[in-house]
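The values are calculated or read from the model by the stated rules, or taken from the named source; none is laboratory data. Owing to the predicted nature of the structure, the values given are computational and were not obtained by experimental measurement. Here the Cβ positions follow ideal geometry from the backbone for every residue, glycine too, while neighbour counts run over all protein chains shown.
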């Protein structure tokens, strides 16, 4: 009898599961940005199966590095899969394309790309990646510390290249003169003409405003043509594939990054060291040595932000799959305070849906085909 009563009591106390939580992930698994999407996929493989006592389903869709496909994916995830939150995508162009869909359908989205939105367009849109302005400020500071007065720019002829050029112009205003501005397409087979024009301007340093493996091409060509100055890359290049494609030609490249890439090399005082080392250990146990990247770290941190929102929505007893759950999830992300991720520290607010603490940013260089902390 006592055993029966104990079982009955346990049944009465147990809380019934509300419903499965559905998380949509949009990534560039094919196309020119496939190297970035592959890193997001690595992070997704580490996402937990439950939050609280609720099962979490992850629906991963490939946008093919195409904004039109990204929009189709977002609409499918919302209308057919009934997702509670969307993570990704990898590029600003695809993120911009789906932001209106997420806002219109009142579905929270945590972008892995440094999408910059404001006003009403910010409502359901968050991001885990630091802004281009913060990253380029770090680069320009190093240029100036090393005596540079002129810089040549060669970057993508798209929204990412434009964003980096604007950030460089703003950060260097009155201190650093841009003497050459050249652009190229992500799928272009050569940048010989652009590099010759940059070199003709004789800049003290060169900034490559690109991302992924296509960012290696300008540096390869610059070195082949005999350019001896310092070359800076954007934080969009930090994957193992960039090192493989660039080989000896990307040695010495200077890059501003989130700290996860050099987690073990960080001083103990760095706020993300413990979380970063733990993430890298788990990631590399599954994917092999040196499989880390800032993109995987930013994707993991996007999940941490989403999880914070999910926990807030569950605490209010809202049922996943409902407008009330998504609204509470959104509010939960917005109320994030000093969340320590693998790649940064995040504090959101109504006027700031990025919330990235710039103190986390570090400068690294490529040394012996590895990432090395500079400062």
By residue number, the members of the range 200-215 that are closer than 8 Å to residue 152 by Cα and either outside any loop (DSSP other than H, G, I, E, B) or at pLDDT below 95 (or both) are 205, 206, 207
- Message: Condition first: closer than 27 Å to residue 358 by Cα and either out of contact with any strand residue (DSSP E or B) (no Cβ under 7 Å at 6 or more places or on another chain) or surrounded by fewer than 19 Cβ atoms within 10 Å (Cβ to Cβ) (or both). Can you find one or more residues in the range 69-91 that meet it?
- Response: yes
By residue number, the members of the range 237-259 that are touching a strand residue (DSSP E or B) at 6+ places or on another chain (Cβ under 9 Å), part of a helix (DSSP H, G or I) and closer than 16 Å to residue 299 by Cβ are 259
Quick check on residue 219: is it assigned by TED's automatic domain parsing to the domain that holds residue 169, part of a helix (DSSP H, G or I) and under 27 Å from the mean Cα position of the chain (by Cα)?
yes
Selection from the range 48-67 of residues part of a loop (DSSP other than H, G, I, E, B) and under 17 Å from residue 98 (Cβ atoms) yields 63, 64, 65, 66
Within the range 101-122, residues farther than 19 Å from residue 166 by Cβ and either at pLDDT 95 or above or surrounded by 18 or more Cβ atoms within 10 Å (Cβ to Cβ) (or both) come out as 101, 102, 103, 104, 105, 106, 107, 108, 109, 110, 112, 122
When restricted to 76, 82, the only residue in a helix (DSSP H, G or I) and over 18 Å from residue 333 (Cβ atoms) is 76
Residue 293 meets each of (1) free of Cβ contacts under 8 Å to residues at least 24 places away in the same chain; (2) within 24 Å of residue 126 (Cβ to Cβ) with one exception, condition (1)
Among residues of the range 38-48 being in contact with a strand residue (DSSP E or B) (Cβ under 7 Å, 6 or more places away or on another chain) and more than 12 Å from residue 307 (Cα to Cα), the residue surrounded by the most Cβ atoms within 10 Å (Cβ to Cβ) is 40
Output for Cβ contacts, cut-off 8 Å, separation at least six or different chains, first residue under 10 Å from residue 362 (Cβ atoms) in the range 265-278, second surrounded by fewer than 15 Cβ atoms within 10 Å (Cβ to Cβ), reads 265/372
